[in-house]
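Undergrad: Attaching a single structure in structure tokens format; questions to follow.
The values are calculated or read from the model by the stated rules, or taken from the named source; none is laboratory data. Everything numeric in this text was worked out from a predicted model, so none of it was measured. So basically every Cβ, Gly included, is an ideal-geometry build from the backbone, and we count neighbours across all protein chains shown. Heavy atoms of the whole protein, side chains included, go into the accessibility calculation; ligands, DNA and RNA do not. Shrake-Rupley method; radii C 1.70, N 1.55, O 1.52, S 1.80 Å.
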Amino acid sequence: MNDVKTKWDFRDFWVVALTIACLVLALNILLLLFGAGEFFEKSKSKSLIMLVLFFVQEVIFILPLYFLIIKKYKLKLVDLGARGIGFIAILKWIFGGLGIFILFNIIFALFLSGGGTDLPGFDQQKPFMPLFGSEPLDLTIAIVVLVFIAPVVEELVFRGFVLQTFLAKFKPVYATLISAGIFSAVHFEFQSVGIIFALALILNWIFMRSKSLWPCIGFHMLNNALVFLVEILLYPM
């Protein structure tokens, strides 16, 4: 067993998870009832709509965590992994994780080129540019959402809460595999679920080795920034 101890228990995890699931379901039902998809397609301000939707999505993840865990047990951010380890150490873990992820992609690319076949779940992730647009304001909003807001919220929830919950109950190998599976599943990008799963494993490894959330947030931000930069360069403006 791991030496991780949490102030919340496994039952709290299920309460938070089910609450989030219900809120996500309710949101999607409301969007369908009000014809949000058709409205989005006709809208000329897609980036602003995406900003609102992403904000609502992050709130759905954060509010249950706050009221059912943080407030209930009077937690501080350090209890969710936000431990200071020094700027240099953070950079080492960030670029170490990036090196591993690049190596994974190289090996995987060589494997595919040699086998001449595609593996389900390892296709490219869906581009975000069509969702936001290509104008300066659109790009600015996309960067704020994808590079800054999403990594902070996701790391707080999935490494700080979910992974620590499983580490306190299961052996590290099981804890990291299960939490990585949850992380990749909730993205609902099943064409690239394998890549997201690999990314989650690296983030889990960084958290377990560094015992801090900050390198995970930094690595997540850097990864999203690089992916978005490549997309900007490839996407026809």
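Undergrad: Check 146, 110 and return the single one that is under 15 Å from residue 196 (Cβ atoms), part of a helix (DSSP H, G or I) and modelled with pLDDT under 95.
TA: 146
Undergrad: Could you list, in sequence order, all residues of segment 160-181 that are surrounded by 18 or more Cβ atoms within 10 Å (Cβ to Cβ) and either part of a helix (DSSP H, G or I) or not aliphatic (A, V, I, L, M) (or both)?
TA: Scanning segment 160-181 gives 160, 161, 162, 163, 164, 165, 166, 167, 175, 176, 179, 180.
Undergrad: Output the residues belonging to segment 110-159 that are open to solvent by 60 Å² or more (accessible area, probe 1.4 Å), under 27 Å from residue 206 (Cα atoms) and among the charged types (D, E, K, R).
TA: 123, 126
Undergrad: Hey, can you tell me all the residues within segment 46-74 that are open to solvent by less than 40 Å² (accessible area, probe 1.4 Å) and either modelled with pLDDT under 95 or among the aliphatic types (A, V, I, L, M) (or both)?
TA: Residues satisfying the conditions are 47, 49, 50, 54, 58, 60, 65, 69, 70.
Undergrad: In segment 124-143, how many are within 18 Å of the chain's Cα centre (by Cα) and part of a loop (DSSP other than H, G, I, E, B)?
TA: 5
Undergrad: Is there any pair with a first residue in segment 128-150 that is polar (S, T, N, Q) and a second that is in a loop (DSSP other than H, G, I, E, B) and surrounded by fewer than 17 Cβ atoms within 10 Å (Cβ to Cβ) whose Cβ atoms are under 9 Å apart and which are 6 or more apart or on different chains, and what are they?
TA: These pairs meet every condition: 134/235; 134/236; 134/237.
Undergrad: Of the numbered conditions (1) closer than 30 Å to residue 127 by Cα; (2) charged (D, E, K, R); (3) modelled with pLDDT under 95, residue 92 fails exactly one; give the number of that condition.
TA: The one condition residue 92 does not meet is (3).
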